[in-house]
1. Within the chain, how many Lys pairs that are eight or more residues apart, or on different chains, come under 20 Å at the alpha-carbon?
2. What's the magnitude of the charge dipole for the chain around its Cα centre, counting Lys and Arg as +1 and Asp and Glu as -1 at the beta-carbon? Answer in Debye, nearest 20.
3. I'd like the isolated cysteines in the chain, meaning no second cysteine's beta-carbon lies under 4.7 angstrom from theirs.
4. Can you put Thr94, Thr82 in order of Cβ neighbours within 10 angstrom, beginning with the fewest?
5. Around Gly89, under 15 Å between beta carbons, what's the net of Lys plus Arg minus Asp minus Glu among the other residues?
6. Please work out the FRET efficiency for the pair Leu84 and Glu123, using the Cβ-Cβ distance as r and a Förster radius of 35 Å; give the result to the nearest 0.05.
7. Taking a spot 7 Å from the Cα of Thr94 along the direction of its beta carbon, which residues of region 42-79 have an amide N less than 15 Å from it?
8. Which three extents, in whole angstrom, do the alpha-carbon atoms of region 4-99 cover along their principal axes, largest first?
Amino acid sequence: MNEANESSFFLCGVNDLSEGERRKFAVGSSEVLIMKLDGKIFAIEPMCTHDGTDIAQVKIHPVPGTLECSKHYAVFDVRTGTPLRGPFGADGDTQPPLRLYDFKIDTGRIMLSAKQEWGIVSEDS
Ligand code: FES
């Protein structure tokens, strides 16, 4: 993190990511996983909502844009956070969705919004 203002944090340039690449950033006590799929950028909290497993390194299937937790195999749509399958193969109805981060792309730069749906992301937190 080398640049921030009161409302957003610079993570990296859109063109710094190749297709299918992902990068994890720490912003204060938060972790953000940025990925490029089909030319689009997505940002999620890299933590499975079942039992907190770090999902930053699990395999992502670019089409249709899903990842599978390596611990109990919950499957999520990384574009929406929607659970498609719960742990142990159950349907995803009772699995909380992945937390998505709000961000903007400003002249090719991925800027994480400080104000998220669930609160404020702060470098000091
Ligand atoms: S921790 Fe991910 S499915 Fe259980």
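1. Value for the chain: 12.
2. Computed about the Cα centre, the dipole is about 260 debye.
3. For the chain, the answer is Cys12, because their Cβ atoms have no other cysteine Cβ under 4.7 Å.
4. Sorted ascending by nearby Cβ count, the order is Thr94, Thr82.
5. -1
6. My answer for the efficiency is 0.55.
7. Only 50-51, 74 pass the distance filter.
8. 42, 28, 19 Å, listed from the longest principal axis down.
FYI, it's all coordinate maths here, none of it is from the lab. Computed from a predicted model, the values in this text were never measured in an experiment. Every residue, glycine among them, receives a Cβ derived from its backbone with ideal geometry; neighbour counts consider all protein chains shown.
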